[in-house]
Amino acid sequence: MTEEIIIAGFGGQGVLSMGMILAYSGIMQDKEVSWMPSYGPEMRGGTSNVTVIISDTRISSPSLNMFDTAIILNQQSLDKFENAVKPGGLLIYDPNGVNRHPERKDINIYQIAATDKAAELGIARLFNMIVLGGFLKVKPVISEEYIELGLQKSLPERHHKLIPDNLKAVQTGKEIIKAIQTV
Amino acid sequence: MKELRLMKGNEAIAEAAIRIGVDGYFGYPITPQSEVLEHLMAEKPWEKTGMVVLQAESEVASINMVYGGAACGKKVMTTSSSPGFSLMQEGMSYIAGAELPCVVANVVRGGPGLGTIQPSQADYFQATKGGGHGDYKLITLAPSTVQEMYDFVGLSFELAFKYRNPAIILSDGLIGQMMEKVYLTEYKERWSDEYINKTFPWATTGRAADRGNSIITSLQLQADKQEEVNLRLQKKYREIEDNEVRYELINCEDADYYFIAYGSSARISQKAMELAAEEGIKVGLIRPITLWPFPTKIIRELGQKSKGVLSVEMSAGQMVEDVRLAIEGKVKVEHFGRFGGVIHSPAEILNALKTKIIGG
């Protein structure tokens, strides 16, 4: 198994930390992982993206131009990465603020209204964990118990009391994700 | 079991420095390697091992602090990125001329000039051919994983002290910024003054009763004396070339073509190899781990019997000159690489193999 993922959105949406929790969870499940962020001028006040690879075998390139899964959190990222999903691959997006929806016919498309749900529940800071939950529902590349271990490893000790809320947000994501198109 | 952590390449360099017992780090922040200094400041190794961490006023100051520390037989290092490493070239030449051990990591970004902050491999000439003046060589190691970023700190110091020669870790923004698994080693104590006195008679540790003056200098006013110094250096460099070549061969049995690539380009080339295999193209990867000394012999042995060789580097074509020298015109050698901070994709590398080597 090798899962090549791009997560892209605005700076501040928790794109990089979501990728890190996913990568750490992969390590806890004894997988090979890599986490490659964009660190150029785009992250200074604009879009932010990270490539995460989880694999059973040694990972070759940490930098990719085609992905099994794209997790897209704003319009700019959708425009940039829709065509970077491999045919038959997966695109998950939050429709908040999106006015041009995905148009590809050869990929699986799922919608997750995580921004709205996080606002409704008053948990804006756990937005990224809702999205992560949605992804894991569609592609269970990491088992749930390892997500908890991944959170323990990636969050500083003083934030460990927030882990139950994080896991609840993952659960919420699993409940609200919906298929738009499956191929 | 060894401690396992998810770390950035830059953090791995800093963590390794603390754990292997480095005495002093002198540096100045620059993207994409600022996490080295940040990690050291967060970890406060002066409280754990007594390691000195100092943000100098400039790169010129950093390298001269390294020069001073190295003259005392201490394990000292600095890190920087391309424009900062350029500022250090005078110091590098002096340290090489004075035959002192130290470690410098260059996390390369796009140039020339202030360039960009994204990854590049266009400092190959500067590291391997000597960016400063005079006939000198730097032992140059090129990590391609975050684990190697960690491991090569210790290895660089080992080689630097073995040969009394500066060692360079030549990395780039991709390996510096990415996170991977790292297995951490146990903390080692720093060398004691007694150990340094006993082991390194050249070190300027204060004159002991039982020995003469230790003089560290790169200056010889008499030309014949300076020629002697150069002859000694050249003899040492030949010894390093004979003993310290390191490389990795991936899928090289039965290959028709070869990629030659180091660092992040070696990783991306491996993905290109996977894509090539899907199309039935048999390509192997020769990954130089030491860029100087360069793995000329193995590239000659394997490359000359192949149908062609593609040198892949995020540059306009630097390492390809050494590859051509190794192949001696026997088979086709071409270069491929994006540059100025752009990372080539695996598909672009495969396409270059097809158009420049197979169909070219």
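What follows is calculated from the coordinates using simple rules that are stated; it is not laboratory data. Worth saying up front: this structure is predicted, and the values here are computed from it rather than measured. Because the Cβ atoms are built from the backbone with ideal geometry, glycine has one as well, and the counts that use them run over all protein chains shown.
A few points about this structure:
- Highest GNM mean-square fluctuation among B:E148, B:E158, B:E248, for chain B modelled with Cα contacts below 10 Å: B:E248.
- Fluctuation leader among B:Q220, B:Q234, B:Q121 - chain B, Gaussian network, Cα springs under 10 angstrom: B:Q220
- Average beta-carbon neighbours from other chains, 10 Å sphere, peptide B:171-182: 5
- For B:C102, the amide hydrogen comes within under 5 Å of the amide hydrogens of B:N165, B:A167, counting only partners 5 or more places away or on other chains and with H modelled in the peptide plane.
- Across the range A:132-141, coupling constants 3J(HN,Hα) worked out from phi with the 6.51/-1.76/1.60 Karplus curve, θ = phi - 60°, read 4, x, x, 4, 5, 5, 6, 10, x, 6 Hz, and Gly and Pro carry x.
- Interchain or long-range residues, amide H under 5 Å from B:E248's placed H: B:R287, B:I289
- Across peptide A:49-61, the mean count of Cβ atoms from other chains lying within 10 Å of each residue's own Cβ comes to 3.
- Rounded, prolate or oblate (a/c below 1.5 giving rounded, otherwise prolate when a/b exceeds b/c) for the range B:247-358 by Cα gyration tensor: rounded
- Long-range HN-HN contacts of B:G73 with modeled amide H, under 5 Å: B:T204
- With both residues required to sit in the protein assembly as shown, DSSP beta bridges show an antiparallel share near 45%.
- Percent of Cα pairs in the range B:3-193 per distance bin of 10 Å, from zero to the largest separation: 11, 42, 38, 9, 0.
- Peptide B:117-127 - average C-beta neighbours from other chains (10 Å radius): 1
- Neighbour-limited loop hits for GluC sites (Glu not before Pro), the range B:291-341 (at most 13 other Cβ within 10 Å; DSSP other than H, G, I, E, B): B:E328
- Two-decimal Rg to Rh for chain A - Kirkwood Rh, Cα set: 0.93
- For the range A:1-77, the spherically averaged projection of the C-alpha convex hull amounts to 4.8 nm².
- Only helices enter this figure: runs of n ≥ 4 DSSP H residues, each worth -39500 (n - 2.57), summed and divided by the residues of chain A, yield -11000 deg cm²/dmol at 222 nm to the nearest 500.
- 19 Å tail of the calculated P(r), the range B:125-269, as % of Cα pairs: 67 percent
- Calculated P(r) tail over 12 Å for the range B:1-43, as whole % of Cα pairs: 60 percent
- Scalar couplings 3J(HN,Hα) for the range A:71-78, obtained by applying the Karplus form with A = 6.51, B = -1.76, C = 1.60 to θ = phi - 60°, are 10, 10, 10, 7, 5, 4, 5, 4 Hz; x denotes Gly and Pro.
- Ratio Rg/Rh, restricted to the protein assembly as shown and using Cα atoms, in which Rh is the Kirkwood radius: 1.01
- Selection of GluC sites (Glu not before Pro), the range B:48-137, meeting DSSP coil and at most 12 other Cβ within 10 Å: B:E57
- Remark: the Cα gyration tensor places chain B in the prolate category, a/c being 1.5 or greater and a/b exceeding b/c.
- Considering only B:G131, B:G69, B:G206, the Gaussian network model of chain B with Cα springs below 10 Å gives its largest mean-square fluctuation to B:G206.
- Shape call, the range B:75-172: gyration tensor on alpha carbons, a/c limit 1.5: oblate
- Length available on full extension from B:A347 to B:K2: 0.36 nm per residue minus the Cα-Cα distance, which gives 120.5 nm.
- Whole-Hz couplings from phi, Karplus 6.51/-1.76/1.60, listed for the range B:212-219; x for Gly and Pro: x, 6, 9, 10, 10, 7, 10, 10
- Exceedance of the 32 Å cut-off in Cα-Cα distance is limited, within the set A:K105/B:K8; B:K44/B:K162; A:K105/A:K161; B:K74/B:K181; A:K31/B:K137, to A:K105/B:K8; A:K105/A:K161; A:K31/B:K137.
- Most simply put, chain A has about 60% antiparallel DSSP beta bridges, counting only bridges with both residues inside it.
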